[in-house]
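Notes follow once the structure below has been shown.
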Amino acid sequence: MGKIDKAKEFINMLKVYMGIVTALLISDISGTIKRFNSEKADILFWLGIASIVALAYIFIRLAKYAHQKIDELEEM
């Protein structure tokens, strides 16, 4: 397997991870909104808020890393 093929496969794996994080983020946002609308601002609500922030941070880091790898792929 060539270096370019290996880099492309790595970028595709990053896309899969970003898809998983996106799905988790969407489901967490909907669950947190549902809990907010039912006026249950208990510990699960605040854990939902914290996990939204954490998942958003992870998504941003993965996106930046993927763009960095794509830029490196152009140089090959």
* Asked: So how many residues does region 22-49 have that are among the hydroxyl-bearing types (Ser, Thr, Tyr) and at pLDDT 95 or above?
  -> 3
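So is Leu44 under 10 Å from the mean Cα position of the chain (by Cα) and either under 30 Å from Lys3 (Cα atoms) or in a helix (DSSP H, G or I) (or both) or not?
Working: under 10 Å from the mean Cα position of the chain (by Cα): no; either under 30 Å from Lys3 (Cα atoms) or in a helix (DSSP H, G or I) (or both): yes.
Answer is no for this residue.
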* **Residues within region 1-32 that are over 15 Å from the mean Cα position of the chain (by Cα), free of Cβ contacts under 8 Å to residues at least 24 places away in the same chain, assigned to a helix (DSSP H, G or I) and exposed (fewer than 13 other Cβ atoms within 10 Å of the Cβ), tallied** => 4
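Do we have Ala54 as among the small types (Gly, Ala, Ser), surrounded by 11 or more Cβ atoms within 10 Å (Cβ to Cβ) and either in contact with a strand residue (DSSP E or B) (Cβ under 7 Å, 6 or more places away or on another chain) or at pLDDT below 90 (or both) here?
Working: among the small types (Gly, Ala, Ser): yes; surrounded by 11 or more Cβ atoms within 10 Å (Cβ to Cβ): yes; either in contact with a strand residue (DSSP E or B) (Cβ under 7 Å, 6 or more places away or on another chain) or at pLDDT below 90 (or both): no.
No, not satisfied.
The values are calculated or read from the model by the stated rules, or taken from the named source; none is laboratory data. The model shown is predicted, which means the values in this text are computed figures rather than measured ones. Don't worry about glycine lacking a Cβ; one is built from the backbone with ideal geometry, like all the others, and counts go over all protein chains shown.
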